[in-house]
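Enquirer: Structure incoming, see below.
The values are calculated or read from the model by the stated rules, or taken from the named source; none is laboratory data. This one's a predicted model, so the numbers in the text were calculated from it and none came from an experiment. Neighbour counts are summed over all protein chains in view; Cβ atoms, including those assigned to glycine, are modelled from backbone coordinates with ideal geometry. Remember, those area values only see protein heavy atoms, side chains included, never the ligands or the DNA or RNA. Shrake-Rupley method; radii C 1.70, N 1.55, O 1.52, S 1.80 Å.
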Amino acid sequence: MTSEPLSLPAAAEPTAYSRLMRRVLGQKAFVIGIGIVAAIVLIALLAPVLAPHDPYLQNLSARNVPPFWYAKGSWVHPLGTDQLGRDYLSRVIYGARISLLIGISVVIISGLIGTTLGLAAGYFGGKVDMLVTFLVTTRLSMPVILVALAVVAMIGGSLWIVILVLGFLKWDRFAVVMRSATQQVRSLDYVAAAEAAGASTTRIVLGEVLPNIAPHLIVVATLEAASAILLEAALSFLGLGVQPPLPSWGLMISEAKAYMFFSFWLIAIPGTALALLIFAINLAGDGLRDIIAPEGRS
Amino acid sequence: MTALIEAHDLTRSFEVSRGMFKGKRTLHAVNGISLDIRQGEVLAIVGESGCGKSTLARMLLGLLPPSAGAITLEGQDIRSLGRKGMARRVQPVFQDPYSSLNPRRTIASIVALPLEVHGIGTAAERRKMTIEMLDKVGLPQRFADRYPRELSGGQRQRVAIARALVMKPEVVVCDEPTSALDVSVQSQILNLLMDLRRELNLTYVFISHNLAVVEHIATRVAVMYLGRVVELAETAALFKAPRHPYTKALLASVLTPEPGLGIPDTGLGIAFPDPLNPPSGCPFHPRCPERLPQCASVVPQILRDETGAVACHLHGQGPAPH
Amino acid sequence: MANSSDIVLEVDGLSVDIRTAGGTLHAVRDISFSVKRGETLCLVGESGCGKSMTSLAIMDLLPKAATKTARRLAFAGEDLSRAGKGRINALRGNSMSMIFQEPMTALNPAYTIGNQLVEAYCLHKKASEVEARERAVFLLGKVGIANAAERLGQYPHQLSGGLRQRVMIAMALMCGPELLIADEPTTALDVTIQAQILRLLADLQRELGIAMVLITHDLGIVARIADRVAVMYAGQIVEEGPTASLFNAPRHPYTQGLIACIPVPGRTEPGGRLGVIPGVVPSLVGEVRGCSFRDRCTKAQQACLDAPPVRETADGHRWRCILENAA
């Protein structure tokens, strides 16, 4: 039979890990996006260490101090102070906490609602599917910002009200994407094999279906987080979101609008922070989608 | 031989939507099939796409409830056995080894899933049983912690067979288990299936469109056409003396690797009927080279005799009663 | 090769390399064959052997990551490897055409059958639409489609798989090709339809004197339709010869193994053991030295580490093996 030198290297596929790494690093946009997001998360976590001052401490003798690059600026307040003399850098750093808290909490609530509905619709089909589709259509016919404004105007604004309102409004995309992804996986033979093995519906949904649609879930979650952060900023800007003196970026922009023509940085700095975070999350989300897309047979 | 599974007048229909304003039509995928599967046999179910053989397989596995009729396992209705009760006795092997294995599980976890579901043994015992089963289907232990994507098509099909057999079932329903494989791999899987059958005393329902494979592996053959069984016989008898014209055409279409024989003329018309709008009378009559005047209007009765069964006016008991 | 003007397709030293993340994959390695007018050559092999890449290379339809090299790739005496894009476009769909495995992906769902049949003919033959429609109706009748004139107005999704494949054949014949490449033309079809389509192809090919390259994995089809057979393994042609000679006296261990794998009613013993080819296909990434079948071959020897010689008999039966006859 075959002796050792006769054997040829067998046709083998590269390991899953090395292929994944190659694909991830090939996505420059993803690397940049995830890098910025990671930096912002780190800043938010280390806020008490990084912030030079207490973000709530008012100093009426040092109001509207400009950032260091202006002639009148100083390194005591690198990004200046606001109309109440609070250190602007500290407020921007603590603002990241609010934005990330909003983004993550809203995605957890809406993700749970949407994924449950989408999984149920895609897995069971028939009447359940019809009901979920009806709920999604109903939800889509309501403009998020108007409903959120109405609710907040009625019961008053606070950080947790904003999170709950957005969480209960923004599950539609989760439901739609999870529904179609589940339908696809549902028809595959490994689900039938698990059924034939006697596995319960819960076990099949959690063990066979969910792990295979999780990549889609992550992509939707990132994009929805960005959208929730923007909506919070919009609500806060209109005075119906996070209430002062919390340092929300949207609220900071709102508070600064009266000084727009005299102290432009008051709007520009939180605005830039907001834009950078949204840009980075979207970049990471899009990159993630491209990394996941070619998954499957090679 | 005793009947292990019996299908009684089994029917399955689907509502097919034909667009928004056209309303629905009923597709009779399986249309009144009565069949027995005997202990220890290999019953092949043969037919072309759309004949209902996969729907029948799903019903035999308990994955799809029949619209009418019933399936019994040793006299007991399978609906009363429940999902878990069925799983211990009847297991599937599917056609496409790429979609039948969960890509996010390791091979060991795929094979151990039925054991886990039924709460058999401790984790360590399950692992041991899994490794033994993998060894039985010809996969060395080093495959246990790999993922399906790292395996070839043939190796994946071995994993699917290991998963089906790990619970020691009595019946395995193989739905085109080798159609997606290369010929050199197909022969390995067929050899393996035959070895396992002998070793574990299994009964196979073997669904296929490849008559050469069927002749090799099956002991009895049921030929399906548009949701009905048109002929049923022992393999040797069916291949030697087919009775239904459709069986004859199928046998004629087998292209064996024998040069010089040319390509056979099946004598069938070109149009395969629309399953949503099946022909009246005998569903095969528009394509049948031997049709009689009554074929277009009268559905042939099934004639059951010592060779098997055939549903054709050429082999009728004369005019139908009534 | 008594009459060289009869040779429609001549392939000499064709190689196809594909760039992959892990290195260069040598999908087709230095293969040579030719097809004469009125002759059917079957390329047979298992998945990954390079048979489809060969057909795409001839038609200049390779994917972007693939590059081809050839000493000579000649169609009707004209070297295609030196011809420009424009010249190949003028030939493709005109005097050389192709039938694909899955007609649904090759037909455009947005256009009627008639539109798709007529388009290439008008373009290549500078014919009027009326003439083109006449020819389309004639050919649809020829491939066995009843009431052809009505079918012209239908869309691909309105036809069954067998009918679509007939339309594909009619489309391939529209411009009266000299060379027809059929890549697994019946694999997606049912067995009774398969026999009908193959019969039709064989009849038309004989009647019109077309040179046909039929690519398949099914040795049954090969035995019944081919004049000559080339068996491919790991990107190479390992054995080539007249059909009867190849099936009755296969010389290469791989061909012998393949034939032993297939159950044949009346020949193999029911329930008996089928032949197997142990092992797996070698990786074609990087340089492949020596005989590529050696680690699956029961007759392998130390000499197999070097490239095996090409042996030949008087009737043009060639194989690549150190052994005169491995049986």
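Enquirer: In debye, nearest 20: dipole of segment A:79-296 around its Cα centre with unit charges on the Cβ of K, R (+) and D, E (-)?
Expert: 340 debye
Enquirer: Putting +1 on Lys and Arg Cβ atoms and -1 on Asp and Glu Cβ atoms, find which of C:Gln302, A:Val136, B:Gln91 reaches farthest to the positive end of the dipole of the protein assembly as shown.
Expert: A:Val136
Enquirer: Tell me, which residues of segment C:126-168 get at least 10 Å² less accessible area when the other protein chains come in, versus the chain alone (1.4 Å probe)?
Expert: C:Gly144, C:Ser160, C:Leu163, C:Arg166
Enquirer: Sticking with this structure for a sec: Within chain B, what whole-number % of the accessible surface is contributed by carbon and sulfur, with the 1.4 Å probe and all protein chains included in the calculation?
Expert: Values: 6700 of 13000 Å².
Solvent-exposed carbon and sulfur of chain B make up 52 percent of the total.
Enquirer: Over chain C, what is the relative contact order in whole percent, taking alpha-carbon pairs under 8 Å and six or more residues apart?
Expert: Working: 595 pairs, mean separation 68.4, N = 327.
Across chain C, relative contact order equals 21 percent.
Enquirer: Express the accessible area of chain B per residue in Å², computed with a 1.4 Å probe while the remaining protein chains stay in the model. The partial results should precede the final answer.
Expert: Values: 13000 Å² over 322 residues.
The answer is 40 Å² per residue.
Enquirer: For the pair B and C, how large is the buried accessible area, both sides, in square angstrom to the nearest 100, if the probe is 1.4 Å?
Expert: On the way: alone 15990 and 15770 Å², together 27980 Å².
Counting both chains, the buried surface is close to 3800 Å².
Enquirer: Looking at the protein assembly as shown, what % of its DSSP beta bridges pair antiparallel, to the nearest 5? Don't skip to the end; give the middle numbers.
Expert: On the way: 66 of 103 bridges.
The antiparallel proportion sits near 65 percent.
Enquirer: Within chain C, what is the longest stretch that has no GluC sites (Glu not before Pro) placed in a DSSP loop and near at most 14 other beta-carbon atoms within 10 Å?
Expert: Details: sites that count: C:Glu287, C:Glu324.
Longest run free of exposed loop sites: C:1-286.
Enquirer: So, one more: Name the shape class, rounded, prolate or oblate, that the alpha-carbon gyration tensor gives for segment B:3-315, where a ≥ b ≥ c are the square roots of its eigenvalues, rounded holds for a/c under 1.5, and otherwise prolate holds if a/b is larger than b/c and oblate otherwise. Each step should come with its number before you reach the end.
Expert: Details: a/c = 1.89, a/b = 1.58, b/c = 1.20.
It comes out prolate by the Cα gyration axes.
Enquirer: If you don't mind, another one. What helices in chain A pass both tests, a Cα length along the helix axis of 30 Å or more and a mean Kyte hydropathy of 0.0 or higher, using whole DSSP H runs? Can you show the working numbers first?
Expert: Working: long enough: A:88-124 (53 Å, 1.49); A:210-237 (40 Å, 1.46); A:265-292 (40 Å, 1.51).
Qualifying helices: A:88-124, A:210-237, A:265-292.
Enquirer: Could you sort the residues of segment C:280-303 by number and keep only those whose accessible area is reduced by 50 Å² or more in the all-protein-chain setting relative to the chain alone, 1.4 Å probe?
Expert: C:Ser283, C:Arg294, C:Asp295
Enquirer: Expressed as a whole percentage, what fraction of the accessible surface of segment A:79-296 belongs to carbon and sulfur atoms when a 1.4 Å probe is rolled over the protein heavy atoms? Don't skip to the end; give the middle numbers.
Expert: On the way: 6500 of 8700 Å².
C and S atoms contribute 75 percent here.
Enquirer: Taking square-rooted eigenvalues a ≥ b ≥ c of the alpha carbon gyration tensor, is chain A rounded, prolate or oblate, where a/c under 1.5 means rounded and, failing that, a/b exceeding b/c means prolate?
Expert: Numbers: a/c = 3.45, a/b = 1.62, b/c = 2.14.
Oblate shape, in that a/c is at least 1.5 and b/c is the bigger or equal ratio.
Enquirer: I'd like the FRET efficiency for A:Ile104 and B:Ala68, computed as 1/(1 + (r/R0)^6) with the beta carbon distance as r and R0 of 51 Å, rounded to 0.05.
Expert: Details: r = 53 Å, r/R0 = 1.03.
The value I calculate is 0.45.
Enquirer: In addition: Top mean-square fluctuation among A:Ala47, A:Ala199, A:Ala280, Gaussian network model of chain A, C-alpha springs under 10 Å?
Expert: A:Ala199
Enquirer: Separate question: Classify segment C:81-135: rounded, prolate or oblate, from the alpha-carbon gyration tensor (a ≥ b ≥ c, eigenvalue square roots; a/c under 1.5 rounded; otherwise prolate if a/b is larger than b/c)?
Expert: Oblate shape, in that a/c is at least 1.5 and b/c is the bigger or equal ratio.
Enquirer: What figure in square angstrom, to the nearest 10, would you give for the accessible area of C:Tyr155 with a 1.4 Å probe?
Expert: 90 Å²
Enquirer: Using only helices, what value at 222 nm comes out for chain A when you add -39,500 (n - 2.57) per DSSP H run of length 4 or more and divide by the total residues, to the nearest 500 deg cm²/dmol? List each step's numbers first, then the result.
Expert: Working: 12 runs with 195 residues, N = 298.
When only DSSP H runs of four or more count, the value is -22000 deg cm²/dmol.
Enquirer: Okay, moving on. Residues of segment B:76-107 that become at least 50 Å² less accessible with every protein chain present than in their own chain isolated, using 1.4 Å: which are they?
Expert: Flagged in segment B:76-107: B:Arg83, B:Phe94, B:Ser99, B:Asn102, B:Arg104.
Enquirer: How big is the accessible area of B:Cys295 in square angstrom, nearest 10, if you roll a 1.4 angstrom probe over the protein chains?
Expert: Surface open to solvent at B:Cys295 totals about 10 Å².
Enquirer: Identify, among B:Thr122, B:Thr219, B:Ala144, the residue whose Cα sits farthest towards the positive end of the charge dipole of segment B:3-315, taking +1 on the Cβ of Lys and Arg and -1 on the Cβ of Asp and Glu, with the dipole about the Cα centre.
Expert: After comparing all options, I get B:Thr122.
Enquirer: If each Cα of the protein assembly as shown is one equal point scatterer, what is log10 of I(q)/I(0) from the Debye formula at q = 0.07, 0.11 Å⁻¹?
Expert: -0.75, -1.41
Enquirer: If you don't mind, there's one more thing I want to ask. Which lysines have a Cα less than 26 Å from the Cα of B:Lys240, not counting those fewer than 8 places away in the same chain?
Expert: Cα-Cα hits under 26 Å: B:Lys53, B:Lys248.
Enquirer: If you don't mind, there's one more thing I want to ask. Quick one: dipole size for segment B:3-315, taken about the Cα centre, charges +1 on Lys/Arg Cβ and -1 on Asp/Glu Cβ, in debye to the nearest 20. Spell out each step's value before the answer.
Expert: Numbers: 36 positive and 30 negative charges, 215 e Å.
In debye, rounded to 20, segment B:3-315 gives about 1040.
Enquirer: Still on this structure, I have one more. Could you order C:Glu184, B:Glu132 so the one with the most accessible surface comes first? Probe is 1.4 Å.
Expert: On the way: C:Glu184 20, B:Glu132 100 Å².
So, going from the largest accessible area down, we get B:Glu132, C:Glu184.
Enquirer: At a probe of 1.4 Å, how much accessible area disappears from chains B and A on forming the pair, both sides counted, to the nearest 100 Å²? Don't skip to the end; give the middle numbers.
Expert: Values: alone 15990 and 16110 Å², together 29840 Å².
By this definition, chains B and A bury close to 2300 Å².
Enquirer: How much solvent-accessible surface does B:Met129 expose, in Å² to the nearest 10, with a 1.4 Å probe and all protein chains in place?
Expert: Accessible area, nearest 10 Å²: 70 Å².
Enquirer: So, one more: Hey, what's chain A come to in accessible area per residue, 1.4 Å probe, Å²?
Expert: Details: 14370 Å² over 298 residues.
Accessible surface, normalised per residue, equals 48 Å².
Enquirer: On the protein heavy atoms, probe 1.4 angstrom, tell me the percent of accessible surface of chain C carried by carbon and sulfur.
Expert: Values: 6860 of 13380 Å².
Carbon-and-sulfur percentage of accessible area, whole number: 51.
Enquirer: If you take every DSSP beta bridge fully contained in segment B:3-315, what fraction is antiparallel? Give it as a percent rounded to 5. Working shown, then result.
Expert: Details: 31 of 49 bridges.
Percent antiparallel among DSSP bridges in segment B:3-315 is about 65.
Enquirer: Could you work out the helix-only [θ] at 222 nm for chain B, with each DSSP H run of four or more residues adding -39,500 (n - 2.57) and the total divided by the number of residues, to the nearest 500 deg cm²/dmol? Before the final figure, lay out the partial values.
Expert: Numbers: 9 runs with 97 residues, N = 322.
Helices in chain B give a 222 nm mean residue ellipticity of -9000 deg cm²/dmol.
Enquirer: Add -39500 (n - 2.57) for each DSSP H run of 4 or more in chain C, then divide by its residues: what number comes out at 222 nm, to the nearest 500 deg cm²/dmol?
Expert: On the way: 11 runs with 103 residues, N = 327.
Taken over chain C, the calculation gives -9000 deg cm²/dmol.
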